[in-house]
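Encoded as C-alpha cells, the structure appears first; notes follow it.
The values are calculated or read from the model by the stated rules, or taken from the named source; none is laboratory data. Predicted model, so just to flag it, every value in this text is computed and none were measured. Cβ placement follows ideal geometry from the backbone for every residue including glycine, while neighbour counts extend to all protein chains displayed.
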Ligand code: M6R
C-alpha cells in the first residue's frame, strides 16, 4: 500500500526523501513523487520506479519535503494521480495513505466554491480543504480539514514558507523518527532506519507538528506525550545482506527465527498468553482471524490447538468476518497479522472488542495498530519482513501457535516432551531443506513452463497446500490453486491433464493412504505429479514423477519443513520466469484498505 515520508532538518531534503522512498518500495506501489519546500513548493511525480524518478527529477534546493509511493485505489497510476497533491495556489502539498470515503461530496462542494481539481484521486480534496480553512494557522486549517473528512488517512502536509510539517493519522500507520537537528515522518520503520532508530508511534486522532528541533502531538485540541521507542532491528536486518532478493534472505533466516523464538519462550516464566481466563469465564472455544498467509497459519493453528488443547477452534477470514452476525461475547479471539496494519483485521478486532471479547494479537511489527487494539499482543520474533511474499513471519506465527497450545495442552507429558525435543531439532531440519535446494531448483525450471498448477494436501498439510499455491501465484504469476486433496474429485479433476501439474504434500500420518490413492487417481488423468514427501518414502518415489524430500519430523511440525521447500520452489520458479520477486505486480506488503 501507499508509503509516505516527510523530512525536515538541516540537510538537503530531496536525496533523503528519495532514499527513504526506496526503503518503502517493498510495500508495493505503481507511482511515486516528492515535494520540496524550495521557496515555493516544487513537485516531481510520475508513474515510475523511485530510482527512475530520482534520476529524472530536477534538483530542488530545500531542507523540508514530503514523498509518496502510491498504490492506486482512485484513478489509474499516472503522473496526474501520483502524490503529492496540491491546492489551487500550488503552495500546499499533501501526501496521503488511506481512503477518503466522502471525497465525492467534498469535491462537489469545493468545486462549487471555486476549487479546481486535476486528478481522479480522493486525496486531492485534502489540500483544497486546508486551503479553504487556512487563515494564517496551518495547524487549525489541518484540524478543520480533517473534521470534514470521513475515512482513513495518514497524511503529511508541506506548505511553502512554513518551517514545519504537519502530519495526522486515523486508521493508517504513521511514525515519527527523531533525529539530531532533523526529524522524519513515515509510514513504516524501515524507511528511516538508516537515519534514526528513535521512533514514536502515532495513534488514531493524533495531529503532529514537526520542526527540525521538535515534535508536538495534539489530540482533541490537547497536547499529549507519546513514548519514544528504540528500534532494535539493525539496518542490516532490513537489508538484503548479499542475497539477490529479500525473499530469499528471509527464507534463509527461518532456522534462526525458530531458534530465537524457542530460546525466548523456554526462558520465560509465564505462558505467552493468558488463556487461563478461558476457564474462569467458561469460554469453550477459540476464534482465529487473519488474512492471506496469516490466515493459512491460523488454519494450521486449528489443527495444533484442537489436538493439544482439545478445544474447538473457529478460523475466519477477517475480510468476511466483518459481514457475520454471530453472538461473539463468549470467545477469545486470536488475530494473526504480520504487519498489524491490515485493514480487515483491525476492523474485525474492533468489532470483537465492542462485543466484549478478549482479543489477543499475534503480530510481528512492534507498536502496530493491532497491538494497540488488542487486550494482549504476542510478538512474533521474525524481525523485519520486507519481501511482499510472507515467509519467515508465517513460520514465526506457527511457532507462537505451537507454544501457546503446548503451554495449555491437555496432552500427556510424554507427548509434550517429545514435541519439545522435535521443536528444538526443527532449526536443523529446516536448514537441511535449505541446504538441499538443487532438486527444488531443477523442479522449478520445469514448473516455470506451465500456466496452471494444483497443490493438494490433507489434514494439517491442507493449509500448507493453500500457502504453497499462494506463494507461487503471487511471485511467479502462475495460476496456482491449493486444494484439500479429498475435494479434488468434486470439481477440479475436470482440469487435470498433461498441461496441469499437481504438487502433492504427503505426510506419513493418518492421511497417508488416502494421499497415495489421490496420487494414483491423478496420475491416471496424466497430470505430471510432483510429491513433497519425507525422506525414505519408497512408495511415493515409485508413484510420483518427481519427488522433493524433506526430513522426517512429527506430523504436527511437518507444515514448517514442507512450507520452506514450497517457498523455495515458488522463489526459484519466479526467478526462472524473470519476475520482480520482492515487488510483485499489484501487490502491497501491508493492505491498509478494505
Ligand atoms: O500483515 P498481515 O499478516 O495481516 O497480511 C496479511 C496478508 O496481506 C499477507 O499475508 C499476504 O497474503 C502476503 N503477501 C502473502 O505472501
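Modelled with pLDDT under 90, in contact with a helix residue (DSSP H, G or I) (Cβ under 7 Å, 6 or more places away or on another chain) and within 13 Å of the ligand (Cβ to nearest atom), is that true of residue 337? Steps first, answer last, please.
Numbers: modelled with pLDDT under 90: no; in contact with a helix residue (DSSP H, G or I) (Cβ under 7 Å, 6 or more places away or on another chain): yes; within 13 Å of the ligand (Cβ to nearest atom): yes.
No, not satisfied.
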Residue hits (region 437-453; in contact (Cβ under 8 Å) with a residue 24 or more places away in the chain and more than 20 Å from residue 479 (Cα to Cα)) are 437, 439
Filter region 194-215 for residues that are touching a helix residue (DSSP H, G or I) at 6+ places or on another chain (Cβ under 9 Å) and either free of Cβ contacts under 8 Å to residues at least 24 places away in the same chain or within 14 Å of residue 166 (Cα to Cα) (or both); the one that is surrounded by the fewest Cβ atoms within 10 Å (Cβ to Cβ) is 209
Exercise for review: Examine region 532-543 for a residue that is over 29 Å from residue 301 (Cβ atoms) and touching a helix residue (DSSP H, G or I) at 6+ places or on another chain (Cβ under 7 Å), and state whether such a residue exists.
Suggested key: yes
Filter region 342-357 for residues that are more than 17 Å from the chain's Cα centre (by Cα) and surrounded by fewer than 21 Cβ atoms within 10 Å (Cβ to Cβ); the one that is farthest from the ligand (Cβ to nearest atom) is 356
Taking region 465-483 and the residues there that are within 15 Å of residue 299 (Cα to Cα) and in contact with a helix residue (DSSP H, G or I) (Cβ under 7 Å, 6 or more places away or on another chain), the one that is farthest from the ligand (Cβ to nearest atom) would be 483
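Is it the case, given these coordinates, that residue 552 is outside any strand (DSSP E or B) and at pLDDT below 95? So that I can check it myself, show each step before the final result.
On the way: outside any strand (DSSP E or B): yes; at pLDDT below 95: no.
When the stated conditions are applied, residue 552 does not pass them.
Out of everything in region 358-396 that is in a loop (DSSP other than H, G, I, E, B) and surrounded by fewer than 19 Cβ atoms within 10 Å (Cβ to Cβ), what residue ends up being farthest from the ligand (Cβ to nearest atom)?
Of region 358-396, the ones in a loop (DSSP other than H, G, I, E, B) are 364-368, 374-375, 380-391.
If we keep only those that are surrounded by fewer than 19 Cβ atoms within 10 Å (Cβ to Cβ) as well, we get 366, 375.
Working: 366: 14, 375: 18 Å.
Ranking the candidates gives 375 first.
Going through region 513-534 one residue at a time, which ones are part of a loop (DSSP other than H, G, I, E, B) and either under 21 Å from residue 561 (Cα atoms) or touching a strand residue (DSSP E or B) at 6+ places or on another chain (Cβ under 7 Å) (or both)? It would help to see each step written out before you state the result.
We begin by selecting, within region 513-534, every residue part of a loop (DSSP other than H, G, I, E, B); these are 525-528.
The answer is 525, 526, 527.
Restricting to region 458-482, give me the number of residues that are within 25 Å of the chain's Cα centre (by Cα) and not in a helix (DSSP H, G or I). Full working, then the answer.
First, the residues of region 458-482 that are within 25 Å of the chain's Cα centre (by Cα): 460-482.
Those left that are additionally not in a helix (DSSP H, G or I): 477-482.
Of the residues in that region, 6 qualify.
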Only one of 314, 259 is within 28 Å of residue 194 (Cβ to Cβ), more than 16 Å from the ligand (Cβ to nearest atom), modelled with pLDDT of 75 or more and not in a loop (DSSP other than H, G, I, E, B), namely 259
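Could you list, in sequence order, the residues of region 204-251 that are on the phi > 0 side of the Ramachandran plot and at pLDDT 90 or above? Spell out how you get there, then give the answer.
Start the filter on region 204-251 by keeping residues that are on the phi > 0 side of the Ramachandran plot, which leaves 205, 220-221, 241-242.
Matches in region 204-251: 205 only.
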Residue 584: within 16 Å of the ligand (Cβ to nearest atom), in a loop (DSSP other than H, G, I, E, B) and free of Cβ contacts under 8 Å to residues at least 12 places away in the same chain, yes or no? no
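Determine whether region 433-450 contains at least one residue that is assigned to a loop (DSSP other than H, G, I, E, B) and at pLDDT below 95. Walk me through it before giving the result.
Within region 433-450, the first condition is being assigned to a loop (DSSP other than H, G, I, E, B), and the residues that meet it are 436-437, 448-450.
Still in the list and also at pLDDT below 95: 436-437.
Yes.
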- [ ] Answer with yes or no whether residue 339 is part of a loop (DSSP other than H, G, I, E, B), touching a residue at least 12 places away in the same chain (Cβ under 8 Å) and within 16 Å of the chain's Cα centre (by Cα).
- [x] yes
Taking first residues from region 288-310 that are free of Cβ contacts under 8 Å to residues at least 60 places away in the same chain and second residues anywhere that are part of a helix (DSSP H, G or I) and near the ligand (Cβ under 9 Å from one of its atoms), the pairs with Cβ under 7 Å that are 6 or more apart or on different chains are 290/297; 290/318; 290/345
Heads up, the strands (runs of 3 or more DSSP E) in region 1-103 (entirely inside) with at least 3 residues that are surrounded by fewer than 24 Cβ atoms within 10 Å (Cβ to Cβ) are 40-46
